[in-house]
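Working notes for the structure below.
Any read-out appearing in this document is the output of simple, stated calculations on the displayed coordinates, not a laboratory observation. Computed from a predicted model, the values in this text were never measured in an experiment. Here the Cβ is made from the backbone with ideal geometry for all residues, glycine too, and neighbour counts use every protein chain on show.
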Amino acid sequence: MKTLERTLRRELGLPKLCAHTIHRVLLEAGYTYQESRTWCPTGTAERVRKEGVVIVHDPQTQEKKVLIEQAYYIGERAGVMVLCQDEAGPYQAIPQPGASWQPEGKAALHPHEYVRGGTAKLLTLFRPATGELRAKGVLSAPNAVLHPWLKEQLLEVLAEIEKKQPSEQLPPETERPLAAQWKTWLWPHESASGLPPLRILLVWDNLAGHLTPDLVVWLFHHGVMPLYTPLSGCWLNMAESVQRIIVSRALSGQHPKTAEQVISWLEDTVIGWNRNPTPFVWKGKRSQRRRRAHLRRLGGSGAALLAS
């Protein structure tokens, strides 16, 4: 709107024209402001090829979605820990938009000119059932950084699980709950032969680095079953939700000067979060409220349809 205002003032010589007038004229002409949506439907993604932009599809979208939702619903109940992993960022060391607490009458002022202080990312490992968040700030997250950190965190978690429930005390694989058996989560062509008892279900993105053979083999031989989100399916990873909360608390309305400062603020916020963590429930009360809001009652009876 401001760009249009400046152009009309310059081209048509209307120095008193304001954005409000333009907005009112557009409304009277039947135009409404709408934000453009760049999201792709789950299971599809746009890719740039030599022949141009093409849409690729994930043929296993429904199967992956079902497995992840089953993990959220029944994984912890069967005695298998469910974890979500993701890399948040990058976040720039520049003035950040958002509200902040300031003394009355002394609003925070950010410079309109600034020096970019680099970028930082946050490696996260989240347990929705308890809200516990393991995280580490880094300048970048290649495989050489992510994989050692992830293995270290998983070994700590596995040691805690082993301490509470030693492997020797576990019943045979066929006598464990279905959600605690490998066959429930493996694809038909995969075998659980030679694998230790299933201890962790790991939900994460389908990045190429997550498919590295050495890492996948390591996960299986430590009782960790990786569940990959489909294309454009990051919304299935609950680590994304807690990351938005952490980043908002750490950076909203602030002006970090260096990437190291961004890392420090993010990690301090994670420490504060873990002092009183909030458990996450898949399709919890908020989802149910949204569903009820879309119900269309039929003739005052108990019957209802989802509004289109």
> Calculated from DSSP H runs of 4 or more alone, at -39500 (n - 2.57) each and per residue, what is the 222 nm mean residue ellipticity of the chain, nearest 500?
Replying inline: -10000 deg cm²/dmol
> Among the DSSP beta bridges whose two residues both lie in the chain, what percent are antiparallel, rounded to the nearest 5?
Replying inline: 70 percent
> Using the alpha-carbon centroid of each, what span in Å lies between segment 80-98 and segment 189-240?
Replying inline: 20 Å
>> Two decimals, Cα atoms only, Kirkwood Rh: what is Rg/Rh over the chain?
In response: 1.05
> So how strong a dipole does the chain carry about its Cα centre when Lys and Arg Cβ are +1 and Asp and Glu Cβ are -1, to the nearest 20 debye?
Replying inline: 1440 debye
>> Using the basic label-point model (7 angstrom from Cα toward the beta carbon), what is the Glu46 to His222 distance in nanometres?
In response: 3.8 nm
> Size of the dipole of segment 208-274 about the Cα centre, Lys and Arg at +1 and Asp and Glu at -1 on the beta carbon, nothing else charged, in debye to 20?
Replying inline: 200 debye
> Between Val56 and Ser232, what is the label-to-label distance in nm when each label sits 7 Å out along the Cα-to-Cβ direction?
Replying inline: 1.4 nm
> Working out 0.36 nm times the residue gap between Leu211 and Leu27, then minus their Cα-Cα distance, what length gain in nm do you get to one decimal?
Replying inline: 61.2 nm
> So what are the radius of gyration and Dmax for the Cα set of segment 120-171, in Å?
Replying inline: 13.8, 45
> By how many nm would the segment from Ser248 to Glu162 lengthen if fully extended, with 0.36 nm per residue of separation less the alpha-carbon distance?
Replying inline: 27.4 nm
> For segment 62-149, which GluC sites (Glu not before Pro) are in a loop by DSSP, counting at most 15 other Cβ atoms within 10 Å?
Replying inline: Glu104, Glu113
> Which residue, chosen from Trp265, Gly223, Ala107, occupies the Cα position most advanced towards the positive end of the dipole of the chain, where the dipole is computed from +1 (Lys, Arg) and -1 (Asp, Glu) charges on Cβ about the Cα centre?
Replying inline: Ala107
> Taking Cα pairs under 8 Å and at least six residues apart, what relative contact order does the chain come out at, in percent?
Replying inline: 24 percent
> Which loop-located trypsin sites (Lys or Arg not before Pro) does segment 15-114 contain, where loop means any DSSP state but H, G, I, E or B and the Cβ has at most 12 other Cβ atoms within 10 Å?
Replying inline: Lys16, Arg37, Lys50, Lys106
> What's the FRET efficiency of Glu175 with Ala129 using the Cβ-Cβ distance as r and R₀ = 22 Å, to the nearest 0.05?
Replying inline: 0.40
> Which of Lys151/Lys183; Lys64/Lys285; Lys183/Lys285; Lys183/Lys283; Lys50/Lys121; Lys64/Lys183 have a Cα-Cα distance over 20 Å?
Replying inline: Lys151/Lys183; Lys64/Lys285; Lys183/Lys285; Lys183/Lys283; Lys50/Lys121
> So if R0 is 35 Å, what FRET efficiency would Ser241 and Leu8 give, r being the distance between their Cβ atoms, rounded to the nearest 0.05?
Replying inline: 0.25
>> Starting from the 7 Å offset along Cα-to-Cβ, what nm value, one decimal, do you get for the label separation of Ala19 and His110?
In response: 1.6 nm
> When N is the residue count of segment 1-129, what does its C-alpha Rg come to as a fraction of 2.2 N^0.38 Å?
Replying inline: 1.74
